[in-house]
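Rule-based calculations on the coordinates, nothing more; no lab input. Predicted, not measured: the structure shown is a model, and the values here were computed from it. FYI the Cβ positions are ideal-geometry reconstructions off the backbone, even for glycines, and counts take in every protein chain you see.
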Amino acid sequence: RKEVEQDPGPFNVPEGATVAFNCTYSNSASQSFFWYRQDCRKEPKLLMSVYSSGNEDGRFTAQLNRASQYISLLIRDSKLSDSATYLCVVPLGGSQGNLIFGKGTKLSVKP
Amino acid sequence: GAVVSQHPSWVICKSGTSVKIECRSLDFQATTMFWYRQFPKQSLMLMATSNEGSKATYEQGVEKDKFLINHASLTLSTLTVTSAHPEDSSFYICSALSPPSNQPQHFGDGTRLSIL
């Protein structure tokens, strides 16, 4: 299994839709996980941190299943501004030092 | 929140030129900074870990003599791409850990390097 594997994109959804991204990771020692958002030709920006079973922030919900080594990101009521690439990020070896990035899932929200 | 500044944001230069990229932590001291590279449609890949006052730790496959890293102060790390060639064209991004160490990394704006 690749270290961090994400849903292949792109996801093209209408405004207001609910969309979910999946991510699997291979390092069972990882304790924390992150979803970053990256706009075209820009640096990644932290969207959510996941330290326990899940985290919710407004329209965004991240869930973690340690047994299956699976993380998901749910976006409700999609906005045009949500269009971006979403990166699943897992620290290697449980530390914050070496982050392993997934290839990202591209989301395009259409009017 | 913590801010990381990277400069320059865009560089275009001829093959054989050496290019220096700066990464600064603006409102905190960063003993550890990281340099990543991202090719089009690929994920960010860690190149090296830069530690203040000591040698950088390079990831497998990254040439330390080609990608020189200097972390001379707690707020500045530099990456110099020596004798750059077209295959070095990429998006280079730095990041820094801000204390406490369990905080996620903060990323710079990135530098888009194009070698002609």
* For segment A:43-60, in order, what is each residue's ³J(HN,Hα) by Karplus, 6.51 cos²θ - 1.76 cosθ + 1.60 with θ = phi - 60°, in whole Hz (x at glycine and Pro)? -> 7, x, 10, 5, 9, 8, 10, 10, 10, 10, 6, x, 7, 10, 9, x, 7, 10
* So who's got an amide H within less than 5 Å of the one on B:SER9, skipping anything under 5 residues away but keeping other chains? H placed 1.01 Å off N, in plane. -> none
* **18 Å Cα-Cα reach of B:LYS66 towards lysines, excluding residues that sit fewer than 8 places from it in its own chain** => B:LYS14, B:LYS20, B:LYS55
* Pick out, in residue order, every one of the trypsin sites (Lys or Arg not before Pro) in segment B:1-61 that is DSSP loop and has at most 16 other C-beta atoms within 10 Å; say none if there are none. => B:LYS14, B:LYS41, B:LYS55
* Out of residues 5 or more away from B:ILE21 or on other chains, whose amide H comes under 5 Å of its own, with H placed 1.01 Å from N in the peptide plane? -> B:LEU79, B:THR80, B:VAL81
* To do: Determine the shielding of peptide A:44-56 by partner chains: average, over its residues, the number of Cβ atoms on other chains within 10 angstrom of each Cβ.
  => 2
* Mind listing the phi-derived Karplus ³J(HN,Hα) values for segment B:104-116, rounded to whole Hz, using 6.51, -1.76 and 1.60 with θ = phi - 60°, and x for any glycine or proline? -> x, 5, 9, 9, x, 6, x, 10, 8, 10, 10, 10, 8
* Neighbour-limited loop hits for GluC sites (Glu not before Pro), segment B:23-116 (at most 10 other Cβ within 10 Å; DSSP other than H, G, I, E, B) -> B:GLU63
* In whole angstrom, how far apart do the alpha carbon centroids of segment B:75-93 and segment B:1-63 sit? -> 7
* Please sort by residue number the trypsin sites (Lys or Arg not before Pro) in segment A:38-70 whose DSSP state is loop and whose Cβ has at most 16 other Cβ atoms within 10 Å. => A:ARG41, A:LYS42, A:ARG59, A:ARG66
* Among the lysines, which fall within straight-line cross-link reach of A:LYS103, defined as a Cα-Cα distance under 19 Å, with same-chain neighbours fewer than 8 residues apart omitted? -> A:LYS2, A:LYS42, A:LYS45, B:LYS41
* Charge dipole (the protein assembly as shown, unit charges on Cβ, about Cα centre) - positive-most of B:MET33, B:HIS71, A:PRO10 -> A:PRO10
